[in-house]
Amino acid sequence: RTVQGRFFSKNAPFPNLSQPHHPTPPLPRRNIESLPIPYTYSVRRYAITDRSLLLPGEEQGEYRLPELVRQAALWAADGVDYIQLREKDLPPVMLADLARQILAGLGNLPTRLLINSRLDIAVAAHAHGVHLTSAAGRLTPAQVREVYAAAGLPPPVVSVSCHTLAEVEVARNEADLI
């Protein structure tokens, strides 16, 4: 076998990581209790849709919508906490309909559906929240919460994409998820 990548030359043999004298020393084990900051975070399972990875369906042709609804139900049954509906190329009517179908498939499970960057679709479908970009000039978590309140919907879950530490610092004070 060969590995192509950053740390190995193109035709270098794959390293045997099971040998006792591997060149990378093991990291020291630390107890969570010994950390200087208390560990207060929990791990969440977050799935992002991409229907291009699914087999084409006969009912909707290339859109693969029934398969995506089934996949979302499987994720929810498997305990995924959040599903981000990220189908940017769908027309608004189809996206809203897809969101409603996924919400119906979630039933009483605790999985929450977040709509990617489309507050209007999230409100129309009564989704659990919205996923936002951290780019300047875009929707803010506060604006999303205001619109949900004005629509008489429960407080939304707002997640934000972050690509720098500065974006994380801003988002951690505003968003529910980063």
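A compact table of results
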read-out	value
Qualifying positions in segment 136-165 - open to solvent by 50 Å² or more (accessible area, probe 1.4 Å), under 20 Å from the mean Cα position of the chain (by Cα) and more than 14 Å from L119 (Cα to Cα)	H163, T164, L165
Condition met for R86 (at pLDDT below 95, among the basic types (K, R) and either within 22 Å of R172 (Cα to Cα) or open to solvent by 80 Å² or more (accessible area, probe 1.4 Å) (or both))	no
Members of segment 122-141 found to be out of contact with any strand residue (DSSP E or B) (no Cβ under 9 Å at 6 or more places or on another chain), among the aliphatic types (A, V, I, L, M) and within 20 Å of C162 (Cβ to Cβ), listed by number	A135, A136
Flag for V80 being farther than 19 Å from Y46 by Cα and outside any strand (DSSP E or B)	no
Odd one out for A122, checked against (1) open to solvent by 10 Å² or more (accessible area, probe 1.4 Å); (2) more than 20 Å from R172 (Cβ to Cβ)	(1)
Any pair with Cβ under 6 angstrom, 6 or more apart, that starts in segment 99-116 at a residue that is part of a helix (DSSP H, G or I) and open to solvent by less than 30 Å² (accessible area, probe 1.4 Å) and ends at one that is modelled with pLDDT of 95 or more and among the polar types (S, T, N, Q)	none
Leading residue by the ranking (least open to solvent (accessible area, probe 1.4 Å)) among those in segment 126-135 that are over 13 Å from the mean Cα position of the chain (by Cα) and closer than 26 Å to P110 by Cβ	A127
L53 being open to solvent by 40 Å² or more (accessible area, probe 1.4 Å) and at pLDDT below 95	yes
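The values are calculated or read from the model by the stated rules, or taken from the named source; none is laboratory data. In this text the structure is predicted, and so the values were computed from the model without any measurement. Reconstructed Cβ throughout: ideal geometry from the backbone, glycine too, with neighbour counts over all protein chains shown. The accessibility values were calculated without ligands, DNA or RNA, using every heavy atom of the protein model including side chains. Shrake-Rupley method; radii C 1.70, N 1.55, O 1.52, S 1.80 Å.
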